[in-house]
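S.K.: Sharing a structure with you now.
The values are calculated or read from the model by the stated rules, or taken from the named source; none is laboratory data. What you see is a predicted model; the values in this text were computed from it and never measured. A quick note on method: Cβ atoms are made from the backbone with ideal geometry, for glycine too, and the neighbour counts reach across all protein chains shown.
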Amino acid sequence: MRSVFLDHQSSTPVLPEVFEAMRPYFTEAFGNPSSLHQHGLRVREAMKTARQQMAALIGAESEEEIFFTSDGTESSNLAIKGVAYANERRGKHLVLSATEHPSVLNSVEFLEKQGWSYTKVPVDAEGLIRVADVSTAITAQTVLVAVHHVNHDIGTIQPIADVGRICAEKGVPLYVDCEASAGWLPVNVKDFGAALISFSPHRFYGPKGVGVLYRNKKARIVSILHGGVQEGGRRAGTENVPAIVGGGVAAEFARREMAGRTAHCARLQKRLWEGLKGAIPYLKFNGPAPGPNRSPLNLNLSTEFIEGEGQLLLCDLNGIAVASGSSCVSKSLKISHVLAAIGLDHALAQGNIIMTLGKDNTDADVDYVVESFARIVTKLRGMSPMWDEFERGIIDSVIAPTGRGKSFSEHAASVSGKSAH
Amino acid sequence: MRSVFLDHQSSTPVLPEVFEAMRPYFTEAFGNPSSLHQHGLRVREAMKTARQQMAALIGAESEEEIFFTSDGTESSNLAIKGVAYANERRGKHLVLSATEHPSVLNSVEFLEKQGWSYTKVPVDAEGLIRVADVSTAITAQTVLVAVHHVNHDIGTIQPIADVGRICAEKGVPLYVDCEASAGWLPVNVKDFGAALISFSPHRFYGPKGVGVLYRNKKARIVSILHGGVQEGGRRAGTENVPAIVGGGVAAEFARREMAGRTAHCARLQKRLWEGLKGAIPYLKFNGPAPGPNRSPLNLNLSTEFIEGEGQLLLCDLNGIAVASGSSCVSKSLKISHVLAAIGLDHALAQGNIIMTLGKDNTDADVDYVVESFARIVTKLRGMSPMWDEFERGIIDSVIAPTGRGKSFSEHAASVSGKSAH
Amino acid sequence: MSDTYALYNSTVMDHFMNPRNMGDIRDADGVGEVGAAACGDIMKISLKIKDGRIEDARFKTFGCGSAIASSSMATELIKGRSIDEAMNFSNQEVVDALGGLPPVKIHCSVLAEEALKAALEDYIKKHPEKAALAAEAAPIGQIVHAT
Amino acid sequence: MSDTYALYNSTVMDHFMNPRNMGDIRDADGVGEVGAAACGDIMKISLKIKDGRIEDARFKTFGCGSAIASSSMATELIKGRSIDEAMNFSNQEVVDALGGLPPVKIHCSVLAEEALKAALEDYIKKHPEKAALAAEAAPIGQIVHAT
Ligand SMILES: Cc1ncc(COP(=O)(O)O)c(C=O)c1O
Ligand SMILES: Cc1ncc(COP(=O)(O)O)c(C=O)c1O
């Protein structure tokens, strides 16, 4: 059976070159960078190189603006809480977009319990914020604006440079979560007007266990994990040296190969998009159409009349790895907050599937996915009471209304006794 | 030149078996454990095994009591802040020993800024707490007692089981930082009466990039890094799968080989201790004598009349890797707070050297260190005005007072115009 | 990868991949369709009843793997039972027969119980002469939640 | 490991490993001993002065590698200078001659300046006839801290 990995948003394999670069740091060069002897000094040098490679990837002026954390989540937490705590006396208000990653949203909600307040900027049906809304949301008490570059679920690219200009005008630092873009799309601290940027090498063929936070020297930030004085006092704890070294090499490769990788994925994205559209009726594509407002890796679709987990499982049984924003795949039984934020009908949110491409996917992969996915949808629709009831005119389609029958939501509410959340 | 690594407190090389166990998780089994497809499910299984290995090392009942973090520092922060935030309504007071690691001390100090208070239990001249002092320190508002098992600087073993009994009587959870003991000395959650225990595999031949927090199910704790629902909602962020797998294997080896490793180190510790004592005058050994109250890995000494960084550098130039608690080696120019807490004279704190043994050190290593260290001390004393002034009777020795001359501290104060801190 | 890893145990996976009794019954004697408020799943069970006994049961499900497996297993279990036996059917039987479900998925088995009971209710509504029979059984809604 | 890694640059390491002018001068014309309040280091410089010029300078240091290197370099730099030249000596000269010190170690070079000036003061105290000369120079304590 063909094996097609279409979940590059969740993880990527480590490049062979990255693995080879990491190898000596497990056994031979195993020192702690805080040590003053050979073993410590050697790994300090290696960490400096990695910092330079990270800085180069995002056009940062100096490697001293790069902090290493354990992952993207910790970077988000540090950016949000570290800036909030450092500027407590200036104000206790934050602005963020409605489709930020949970690591941003939940950090802000945690601060709310500690006395901060925030304004959530809404997104339109394609997931885009309006820059004017960010401007309106900023108050005299605002100490940070958080708008991510690319959305992890629906691939929307936000107008960051415009947000950056607003923030510069108002004198409020901008934090841009670039976890879903760095290494794939150009990210530049100056073009973005960003005071803080976070990303993780494990999203572009680097190792897990390291996150990056860029911080412009002018932005005040304090530590949120307390202890030793590693990372200039901004992040205590023994550094994950092999992952840092490997992450640096992955950044170097990503920078050099970015144009080629992106073009390759954009082409496959189009092929996949058109293939699925042609093969399967009642499919909705979420987020902007492929083009300047959409990540070239991401495809987010809703298969009407069937649920996402079943699609995901049958894909997996056919060797195809995908993700889903349906409530059934989440541990909290809630649909992705991103799908809720774009106002997607609950029925369509339930049928959600997320496919994210990578540099090693091929045309044949895409064709196999189109063909297999069509079979999977047919099988599951055959098992779905909704498909049958749609065909019999009892309920209507959300995607292509026929004017016959109740809406799915009305129907679901009547059979469950409650309205869908 | 012989190379002798005597800084196992700061880091250890990864075992070949650990590296081999990690290897497939970088490239082949690179999935994200949150994913529902093969790639995710495969690494979930591996993480479960690692959790069982960690649980076995410390006698935890179930692997579900094991949480993975990024390092020992994060585990300390989670234990302290996670319990404090979860029990905010019950009380806002913490008890800790004076010689806790900075990751504990600074977490508590951070909470102080947020309205918590704490009581620091003092230690005696060998670094031991009095259990009665812990008992006295606990109030009706106390939500956590933090006492580490083994001190990272001076190797003192605290009477944890007795502290555990007091905490059980008073109904307050006990957190034991076992970073300097787990994998080397028996650590058992039940014998300790511990609600929380932290440790890091990189201290016993496992990889950096993973920390462990054991939490008894009865102890309430909330997340401090917010985001996804990984680790049962207690630690958000993509898991560092290879390090977790490798850490588990390191724990397995540590458990099986513990007795042998410990006996080996204890023998070398005695040889080193006696060798240095015989070869070099005016040396003070800090912490308890080798025996039941001291880690078999650690030797902490103060060379009178010379400073620590110079000793460390000359050791390094002779192939010997050591650490120091002197102010000159710290980025904050402060002596180790542990040395301050045991009331060590400033002059002796300045001359501090920390040697920590490992399983691969040999008798020949120890003999080389004794011989080299004697030469190094002679060289530095020849350069030290204090040694000269001691020989001329102007200042006296702290270690072996002759009754002649001023004390070092008086002298230092008179030449610097300020008393030493 | 040589091994195969599964989200659910092999019985659940088998019922998901090869569902038993999938479909609708033409001229069913009772049909129940229920929805789970928790996650939005919808399940429909139709029954063929003869001489107070369930002769055939079919399901259609809009829901996750464990919802499909639960309805497949529920229809398997219920076939051949008398109406009053069926009225005492509990979701725990489904969970046990499936060899367990993840805690977060127990509600799928509850949905299967609800769909079955809705179908029985429908049958009784259409056949009021059987109401007495049903009254003797457990009231609908008394659901055993596994813990 | 094939390469050698160093905490300080090669000039500093050289002066630490092979300190110049280490020792005491018998019958010194001026001796200064100062301590750093910041970290507890102690430095002692003794001078041989002839015809208003520093003929010899020696140091002894209780302190870290950069403190030893700073005193070694300071004694090297100061030899042959006139008293008034020496009175204008600044720690920055030490830092520059060493090719830089880590920021946290700049105070070591300050200590060397202070020890030298204390030794000059001692000389002037013992030789009050030279006081006029010294008055023209910079007052002691006007220290240039590198930023
Ligand atoms: C006793 C103790 N606790 C906590 C820590 C922090 O652990 P890590 O360096 O893995 O973050 C250390 C590290 O040296 C330690 O010795
Ligand atoms: C946009 C975005 N931000 C932050 C994160 C958190 O990163 P990590 O999983 O490395 O902790 C993710 C992870 O998926 C993400 O997609």
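S.K.: Do you know which residues across the range C:36-56 are free of Cβ contacts under 8 Å to residues at least 60 places away in the same chain and either part of a strand (DSSP E or B) or farther than 23 Å from A:A347 by Cα (or both)?
M.R.: Passing the criteria: C:I42, C:K48, C:K50, C:D51, C:R53, C:I54, C:E55, C:D56.
S.K.: Quick one: which of B:A251, B:A279 is more than 9 Å from every other protein chain (Cβ to nearest Cβ), more than 16 Å from ligand 2 (Cβ to nearest atom), crowded, with 22+ Cβ neighbours inside 10 Å and in contact (Cβ under 8 Å) with a residue 12 or more places away in the chain?
M.R.: After ruling out the rest, the residue left standing is B:A251.
S.K.: Evaluate the following for B:F5: is it under 16 Å from A:E28 (Cα atoms), touching a residue at least 40 places away in the same chain (Cβ under 8 Å), away from chain C (no Cβ under 14 Å) and surrounded by 24 or more Cβ atoms within 10 Å (Cβ to Cβ)?
M.R.: Yes; evaluated as a whole, the condition is true for this residue.
S.K.: Taking the residues in the range A:322-339 that are on the phi < 0 side of the Ramachandran plot and surrounded by fewer than 21 Cβ atoms within 10 Å (Cβ to Cβ) as candidates, determine which candidate is farthest from the other protein chains (Cβ to nearest Cβ).
M.R.: A:H337
S.K.: Would you call A:E20 free of Cβ contacts under 8 Å to residues at least 24 places away in the same chain, part of a helix (DSSP H, G or I) and away from ligand 2 (no atom under 16 Å from the Cβ)?
M.R.: Against the criterion (free of Cβ contacts under 8 Å to residues at least 24 places away in the same chain, part of a helix (DSSP H, G or I) and away from ligand 2 (no atom under 16 Å from the Cβ)), A:E20 qualifies.
S.K.: Could you say whether any residue in the range A:41-56 is in contact (Cβ under 8 Å) with a residue 12 or more places away in the chain, within 12 Å of chain B (Cβ to nearest Cβ) and assigned to a loop (DSSP other than H, G, I, E, B)?
M.R.: no
S.K.: OK, next. Looking at (1) at the interface with chain A (Cβ under 9 Å from one of its Cβ atoms); (2) touching a residue at least 40 places away in the same chain (Cβ under 8 Å), find the lone condition where B:G59 falls short.
M.R.: Exception for B:G59: condition (1).
S.K.: Determine if the range D:103-115 includes at least one residue that is modelled with pLDDT of 95 or more and farther than 23 Å from B:S332 by Cα.
M.R.: There is at least one residue in the range D:103-115 that is modelled with pLDDT of 95 or more and farther than 23 Å from B:S332 by Cα.
S.K.: Then there's this: Looking at B:S10, is it of a type outside the set (A, V, I, L, M), touching a residue at least 12 places away in the same chain (Cβ under 8 Å) and within 16 Å of ligand 1 (Cβ to nearest atom)?
M.R.: yes
S.K.: Scan the range A:224-238 for residues that are surrounded by fewer than 23 Cβ atoms within 10 Å (Cβ to Cβ), at the interface with chain B (Cβ under 9 Å from one of its Cβ atoms) and touching a residue at least 12 places away in the same chain (Cβ under 8 Å) and report the count.
M.R.: 2
S.K.: Looking only at the range B:134-151, decide whether some residue is more than 16 Å from ligand 2 (Cβ to nearest atom), of a type in the set (S, T, Y), within 14 Å of another protein chain (Cβ to nearest Cβ) and touching a Lys or Arg at 6+ places or on another chain (Cβ under 9 Å).
M.R.: no
S.K.: Please specify each residue of the range D:87-130 satisfying the condition of being over 14 Å from the mean Cα position of the chain (by Cα) and either outside any helix (DSSP H, G or I) or aromatic (F, W, Y) (or both).
M.R.: D:G99, D:G100, D:L101, D:P102, D:Y123, D:H127
S.K.: Name, by its number, the condition in (1) crowded, with 19+ Cβ neighbours inside 10 Å; (2) more than 14 Å from chain A (Cβ to nearest Cβ) that does not hold for B:A98.
M.R.: Just one mismatch for B:A98, condition (1).
S.K.: Sticking with this structure for a sec: Filter the range A:290-321 down to residues that are without any contact (Cβ under 8 Å) to a residue 40 or more places away in the chain and facing another protein chain (nearest Cβ under 8 Å) and give me whichever is surrounded by the fewest Cβ atoms within 10 Å (Cβ to Cβ).
M.R.: Among them, the one singled out is A:L317.
S.K.: Against the definition (aliphatic (A, V, I, L, M) and not in a loop (DSSP other than H, G, I, E, B)), how does B:V245 come out, yes or no?
M.R.: yes
S.K.: Please verify whether the range A:92-103 includes one or more residues that are of a type outside the set (A, V, I, L, M), at pLDDT 95 or above and away from ligand 2 (no atom under 15 Å from the Cβ).
M.R.: yes
S.K.: Here's a follow-up. Given the criterion in contact with a Gly (Cβ under 6 Å, 6 or more places away or on another chain), buried (at least 19 other Cβ atoms within 10 Å of the Cβ) and more than 8 Å from every other protein chain (Cβ to nearest Cβ), identify the matching residue among B:I342, B:I394.
M.R.: B:I342
S.K.: Still on this structure, please answer the following. Any idea which residue in the range B:169-219 is nearest to the other protein chains (Cβ to nearest Cβ), counting only those that are charged (D, E, K, R) and within 14 Å of ligand 1 (Cβ to nearest atom)?
M.R.: The qualifying residue nearest to the other protein chains (Cβ to nearest Cβ) is B:K208.
S.K.: Would the range B:32-50 turn up any residue that is within 22 Å of the chain's Cα centre (by Cα) and over 23 Å from B:V104 (Cα atoms)?
M.R.: No; the residues of the range B:32-50 include none that is within 22 Å of the chain's Cα centre (by Cα) and over 23 Å from B:V104 (Cα atoms).
S.K.: In the range A:259-310, how many are part of a strand (DSSP E or B) and basic (K, R)?
M.R.: 2
S.K.: Still on this structure, I have one more. So if I check each of A:T49, A:T73, A:T12, which one is surrounded by fewer than 19 Cβ atoms within 10 Å (Cβ to Cβ), in contact with a helix residue (DSSP H, G or I) (Cβ under 9 Å, 6 or more places away or on another chain) and either modelled with pLDDT of 95 or more or of a type outside the set (V, I, T) (or both)?
M.R.: It is A:T49.
S.K.: So, restricting to strands (runs of 3 or more DSSP E) that lie completely within the range B:62-162, which ones have at least 3 residues that are within 16 Å of ligand 1 (Cβ to nearest atom) and closer than 22 Å to B:H226 by Cα?
M.R.: Where strands (runs of 3 or more DSSP E) fall fully within the range B:62-162 and carry at least 3 residues being within 16 Å of ligand 1 (Cβ to nearest atom) and closer than 22 Å to B:H226 by Cα, they are B:66-69.
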